[in-house]
Each structure stands twice: as C-alpha cells, then as structure tokens.
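A.B. asks: Before I ask anything, here is the structure I am working with.
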Amino acid sequence: MTVVGTLVAESLRDDAVVAAVPLTVQAVVRVAAGDPTAGQPLIWTMIEFDAPDDRLDDLVAELTDAIRPGPWYCDVRTADEAAVVFAGRAFRYRRGDAAARAEAERFARASGVPKGQIDWPD
C-alpha cells in the first residue's frame with residue numbers, strides 16, 4: 001500500500017522543510033482554488049504525491065509542524081486510513097468513519113477553512 005496525498009505549497013510555513021519522508025511527486029498543478037477573504041492567495045500550487053505507507057506516522061508528524069496556522073490542511077490517505085493534517089493537529093481515522101470525519105471537518109471550519117475546501121477524499 002501507498003500513502004497518497006495533496007499538499008498545497010502555499011500552506012507551508014515560510015521556514016518549513018518536508019524531507020524526512022521520501023515523497024514521489026505525481027503532479028504539480030497550479031489552480032485558482034484559494035479564497036482571499038479567508039487569507040489565502042487565489043492561485044495555489046498543488047503537489048500530488050505518494051509515499052511509503054510504513055512512513056505515514058512520520059509524514060503526519062512532519063506535516064503537523066510544516067503547515068501554517070489558519071485555513072490550511074494537507075490530506076493524506078492509505079487504502080484503509082485517512083489523515084487530515086493542520087498546524088499542530090492531525091486527525092486520523094478509518095476511511096468511511098463518518099463521526100471521525102465530522103470531527104476533522106468541525107476543526108477545519110473552526111480554523112477558518114472555507115466550506116467549499118472541506119472536500120478531502122474519504
């Protein structure tokens with residue numbers, strides 16, 4: 001199994017380093033997906049990646065320190081588990097667990113993530 005995720009480059013702190021886990025970049029895409037009223041730039045750089053599934057714990061820990069506070073997150077998942085990582089906080093749950101996903105969604109809203117961006121795959 002593999003960890004699959006999408007990281008918005010603009011979500012990273014200015015001093016962030018994401019290097020502890022080898023990432024294989026599948027695509028880098030620029031899209032107009034941001035919400036300037038939420039403090040986000042309009043144009044985002046989306047980095048679609050995968051990583052070894054035995055490194056999920058390390059990746060989540062590193063992203064928790066790398067994501068900037070505010071309306072940002074990074075979602076990663078394996079075949080069985082989803083993780084949604086915010087600055088200083090991560091939610092991990094079995095894919096399909098509606099109650100656990102709802103908890104992550106509540107945190108996202110409280111962090112200022114616009115409703116339309118609370119759309120990570122489950």
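A.B. asks: Here is a check on your reading of the model: is P69 part of a loop (DSSP other than H, G, I, E, B) and at pLDDT 95 or above? Even if it seems obvious, please write down each step before you answer.
C.D. replies: Values: part of a loop (DSSP other than H, G, I, E, B): yes; at pLDDT 95 or above: yes.
Yes: the conditions hold for P69.
A.B. asks: Given the structure, is V28 loosely packed, with under 14 Cβ neighbours inside 10 Å and over 14 Å from P121 (Cα atoms)?
C.D. replies: For V28, the condition - loosely packed, with under 14 Cβ neighbours inside 10 Å and over 14 Å from P121 (Cα atoms) - is met.
A.B. asks: How about segment 94-122: which of its residues are free of Cβ contacts under 8 Å to residues at least 24 places away in the same chain and either assigned to a loop (DSSP other than H, G, I, E, B) or crowded, with 19+ Cβ neighbours inside 10 Å (or both)?
C.D. replies: D97, R101, A104, I118, D119
Okay, residues lined up against (1) at pLDDT 95 or above; (2) among the acidic types (D, E); (3) under 18 Å from A110 (Cα atoms):
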position: M1; (1), (2), (3): no, no, no
position: V4; (1), (2), (3): yes, no, no
position: S11; (1), (2), (3): yes, no, yes
position: D14; (1), (2), (3): yes, yes, no
position: I47; (1), (2), (3): yes, no, no
position: D75; (1), (2), (3): yes, yes, yes
position: V84; (1), (2), (3): yes, no, yes
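A.B. asks: Return yes or no: is R89 charged (D, E, K, R), out of contact with any Leu (no Cβ under 8 Å at 6 or more places or on another chain) and modelled with pLDDT of 95 or more?
C.D. replies: yes
A.B. asks: Moving to a separate point now. Which of the residues that make up segment 42-51 are closer than 17 Å to A82 by Cβ and of a type outside the set (A, V, I, L, M)? It would help to see each step written out before you state the result.
C.D. replies: In the first step, residues of segment 42-51 are kept if they are closer than 17 Å to A82 by Cβ; the result is 48-51.
Result: E48, F49, D50.
A.B. asks: Quick one: is G34 surrounded by 14 or more Cβ atoms within 10 Å (Cβ to Cβ) and under 16 Å from A16 (Cβ atoms)?
C.D. replies: No.
The values are calculated or read from the model by the stated rules, or taken from the named source; none is laboratory data. Values in this document were obtained by computation on a predicted structure and should not be read as measured data. Because the Cβ atoms are built from the backbone with ideal geometry, glycine has one as well, and the counts that use them run over all protein chains shown.
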